[in-house]
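**Student:** Would you mind keeping the following structure in view while I ask a few things?
The values are calculated or read from the model by the stated rules, or taken from the named source; none is laboratory data. As the structure is a prediction and not an experimental result, all values here were calculated from the model. When we count neighbours, we look across all protein chains shown, and the Cβ atoms used for this are built from the backbone with ideal geometry, even at glycine. Note: accessible area is taken over every heavy atom of the protein model, side chains too, but ligands, DNA and RNA are not part of it. Shrake-Rupley method; radii C 1.70, N 1.55, O 1.52, S 1.80 Å.
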Amino acid sequence: METNTILDVRDLNTWFYTDEGIVKAVNGVDFSIPESTTVCVVGESGCGKSITAQSILNLVEPPGKIVSGSITYRHNDGREVDIVQLKPKGRDIRAIRGKEISMIFQEPMSSLGPVNKIGDQLVQTMLLHLDIDKDEAVKQSIALLDRVGIPKAASRMDSYSFELSGGMRQRVMIALALSCNSRLLIADEPTTALDVTTQANILDLLKELQTDYSMSVMFITHDLGVVAEIGHEVVVMYLGQVVERASVEEIFERPLHPYTEALMKSIPKLDFDSHEKLSSIRGMVPHPFARPPGCPFSDRCDYCMPEKCLTANPPLEEVRPGHWVRCVKYESMGEV
Amino acid sequence: MGRYIIKRTLMMIPTLVVISIVSFVIIQLPPGDFLTSVVANLEDQGQTVDSATLAALQARYGLGRPVHVQYWRWVSGIILRGDFGRSFRYNRPVADLIWSRLGLTFVISFTTLIFTWVVALPIGVYTAVKQRSVGDYIATFIGFIGLAIPNFLLALVLMYIAFRYFNQSVGGLFSPDMIDAPWSFAKVVDLLNHLWIPVVVLGTAGTAGLIRIMRANLLDELKKTYVMAARARGLSEWTLLRQYPVRVALNPFISTIGWSLPTLVSGATVTAIVLSLPTTGPLLIEALKAQDMFLAAAFIMMLSALTVIGTLVSDILLAIVDPRIKYANRG
């Protein structure tokens, strides 16, 4: 593991054992998150982004289970720990959750305790992970609420989540995630449930905090506009697999995988001729039990070569420096 | 909070006034009155009742007057002097008859409520957290049996067990030699020895019901994002359960106070008769049968007042536990 890497996910498999059969929600995912970097994970609904995030904190609930692979977290002092090997309810993983890696969720409306005061939740988290007393925790909580842009922070300590708007709740969630100076923030579509204005404000805040605290962010989204705004690196996922990985500039300038290319085409542009129809990816994400053989994207792909694509799933290969793609189009091409 | 309590307490007053009117009207509804049944009884024994005696009795009980005058005499007696009238049948003040019985009834009700909570809360939480485990199925099975067995049957079975295996005097709340003894430590122990049967009998169905409610509520809460969010902050499972989803799922426990006070007083009548408990249920039945109107009215009044008070207590507790309720009531 490289020294500037904070998290390294290798061949992660998280499967759900349902009554109908096994759903391979995460099916051999590889990627890593460097220090002080925002990595955006992109893909349509149901491609395993959230389950990957939950796997990183070992939060996957039955019938889901991490079947194999490793998630290596590198502590500040260089110590490495494989999160997959930790007991999901044990002391070791709990010391990482909230302290080293924290997480914010898609639904700010239901992510805060409904009958718990905002301040109590902040103070509780700080007392759990930091070596400070209660007065200090209260002081830091107020400063933090102020930092994430909550007006009259001191009086908000006694508020309940139902007294706040969606945007304010997401700000409180961000404050909670920052409360113990965690080094990696996982943001699982944090702006999807908010209106566009609030969405922009929250994105600005996250971008600002990422720079200020020089933390790493794993930002899950399906919105490529958001990726362009805050991302440094991009991981494109499809049906539980990484299909392409590169820096933001590379992805937008030179999308290689047909799926990434199709995603790019479906972004509306300013010089867009209003008589033209906005292109969309044909078909739907296949049902987990109706996975096409070979390449999972083959049934929706414009370049599909049946004799190659339907027989085997191509490996993820580095076809340009730092640009990885999983597609037969680039197989053994070396430099593109 | 203070305003909320005052508001809710003031709202009780009109409710209680209406209840007193309805109670009085209900006991006036059956044809005839207590004197009718007294005369019938005396004539059965071959005695004749002359009209002068009848008139004297009527005047004494105030039975000949218009209903609203009778109501006013009754209700002003209660409010001004704490006088619930006289029981015709026992020829004693109603107050003397009901207080001792209400006291014991309250002891049984309260103990049963605590029993229900203490048993239902941990089992309910366990069955939700360990859903579909062997323990969950066992608790569910026993719970359904508890719901399905009629109380009087359970009472008979427990009485048999207490008599056969614990060599206990069965029925009532005290051993025969203790009934008229003054209160002492020995008498309290004796009471506790007898109390478990009615408490178990009366508590079983409620416990089983509450376990189901707690399980269903908690299962709903456990699926919500805030539980995973709290776990993602590194809280231990126990702290997390206690401070987040269980607090939300607790509401039905507190609501039980409202409806359990009156059902324990009235609904336990059959059980009380089977176990010959000196509680209010059997006395109420007798009073209704004999048209002992002031006694019956006092009981009906008490049951209704307990319902209102129970609801008030549970509403206040709910507002303390669940801040969302206070919020909705503001303004």
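**Student:** Within 14 Å of chain B (Cβ to nearest Cβ) and not in a loop (DSSP other than H, G, I, E, B), is that true of A:S50?
**Tutor:** yes
**Student:** Take the residues of the stretch B:198-217 that are of a type in the set (A, V, I, L, M, F, W, C) and surrounded by fewer than 23 Cβ atoms within 10 Å (Cβ to Cβ): which is farthest from B:V157 (Cα to Cα)?
**Tutor:** B:A216
**Student:** Being farther than 25 Å from B:P30 by Cα, more than 14 Å from chain A (Cβ to nearest Cβ) and of a type in the set (D, E, K, R) narrows it down to one of B:D315, B:D292, so name that one.
**Tutor:** B:D315
**Student:** Can you tell which of A:E20, A:E61 is more than 14 Å from chain B (Cβ to nearest Cβ) and open to solvent by 10 Å² or more (accessible area, probe 1.4 Å)?
**Tutor:** Among A:E20, A:E61, only A:E20 is more than 14 Å from chain B (Cβ to nearest Cβ) and open to solvent by 10 Å² or more (accessible area, probe 1.4 Å).
**Student:** Right, next: In this structure, does B:L218 turn out to be closer than 26 Å to B:P30 by Cβ, over 17 Å from the mean Cα position of the chain (by Cα) and of a type outside the set (G, A, S)?
**Tutor:** Considered against the rule, which asks whether it is closer than 26 Å to B:P30 by Cβ, over 17 Å from the mean Cα position of the chain (by Cα) and of a type outside the set (G, A, S), B:L218 comes out as no.
**Student:** Looking at (1) more than 30 Å from A:K99 (Cβ to Cβ); (2) more than 25 Å from the chain's Cα centre (by Cα); (3) acidic (D, E), which is the one condition that is false for B:D190?
**Tutor:** (2)
**Student:** Could you say which residue among B:E286, B:E221 is more than 20 Å from B:W117 (Cα to Cα) and surrounded by fewer than 24 Cβ atoms within 10 Å (Cβ to Cβ)?
**Tutor:** None of the other options fit; the residue is B:E286.
**Student:** Considering every residue within the stretch B:98-116, establish whether at least one is open to solvent by 90 Å² or more (accessible area, probe 1.4 Å), over 19 Å from the mean Cα position of the chain (by Cα) and assigned by TED's automatic domain parsing to the domain that holds B:L192.
**Tutor:** no
**Student:** Next question. If you take just the strands (runs of 3 or more DSSP E) that sit entirely in the stretch A:221-336, which of them hold at least 1 residues that are buried (at least 18 other Cβ atoms within 10 Å of the Cβ), of a type outside the set (S, T, N, Q) and more than 23 Å from the chain's Cα centre (by Cα)?
**Tutor:** A:317-320
**Student:** Residues that are touching a residue at least 24 places away in the same chain (Cβ under 8 Å), more than 15 Å from B:L104 (Cα to Cα), more than 14 Å from chain A (Cβ to nearest Cβ) and crowded, with 17+ Cβ neighbours inside 10 Å: does the stretch B:186-197 have at least one?
**Tutor:** no
**Student:** Ok, one more. For the stretch B:228-240, name all the residues that are surrounded by fewer than 23 Cβ atoms within 10 Å (Cβ to Cβ) and either more than 7 Å from chain A (Cβ to nearest Cβ) or not hydroxyl-bearing (S, T, Y) (or both).
**Tutor:** Residues satisfying the conditions are B:M228, B:E237, B:W238, B:T239, B:L240.
**Student:** Give the stretch B:1-15 a look and list any residue that's open to solvent by less than 50 Å² (accessible area, probe 1.4 Å) and in contact (Cβ under 8 Å) with a residue 24 or more places away in the chain, or say none.
**Tutor:** Passing the criteria: B:Y4, B:M12.
**Student:** Looking at the structure I just gave you, is A:V26 touching a strand residue (DSSP E or B) at 6+ places or on another chain (Cβ under 6 Å), in contact (Cβ under 8 Å) with a residue 40 or more places away in the chain, open to solvent by 50 Å² or more (accessible area, probe 1.4 Å) and more than 14 Å from chain B (Cβ to nearest Cβ)?
**Tutor:** The answer is no for A:V26.
**Student:** Here's a follow-up. Which condition does A:S68 not pass, out of (1) surrounded by 15 or more Cβ atoms within 10 Å (Cβ to Cβ); (2) assigned to a strand (DSSP E or B); (3) in contact (Cβ under 8 Å) with a residue 40 or more places away in the chain, if it passes all the others?
**Tutor:** (1)
**Student:** Return the total of residues in the stretch A:188-205 being surrounded by fewer than 22 Cβ atoms within 10 Å (Cβ to Cβ) and either assigned to a helix (DSSP H, G or I) or among the aromatic types (F, W, Y) (or both).
**Tutor:** Qualifying residue count, the stretch A:188-205: 9.
**Student:** Show the residue pairs meeting these rules: Cβ distance below 6 Å; 6+ apart or different chains; first residue within the stretch A:29-40 and at positive phi; second residue surrounded by fewer than 20 Cβ atoms within 10 Å (Cβ to Cβ) and assigned to a loop (DSSP other than H, G, I, E, B).
**Tutor:** A:S36/A:S214
**Student:** Related question: Based on what the data block shows, is B:D44 in contact with a strand residue (DSSP E or B) (Cβ under 8 Å, 6 or more places away or on another chain) and either in the same structural domain as B:A296 (by TED's automatic domain parsing) or open to solvent by 40 Å² or more (accessible area, probe 1.4 Å) (or both)?
**Tutor:** no
**Student:** Which ranges mark the helices (runs of 4 or more DSSP H) fully within the stretch A:71-187 that have 2 or more residues being open to solvent by 50 Å² or more (accessible area, probe 1.4 Å) and more than 10 Å from chain B (Cβ to nearest Cβ)?
**Tutor:** The qualifying helices (runs of 4 or more DSSP H) are A:134-147, A:153-156.
**Student:** Shifting gears a bit: Does the stretch A:74-82 contain any residue that is closer than 24 Å to B:T225 by Cα and modelled with pLDDT under 95?
**Tutor:** Within the stretch A:74-82, none of the residues are closer than 24 Å to B:T225 by Cα and modelled with pLDDT under 95.
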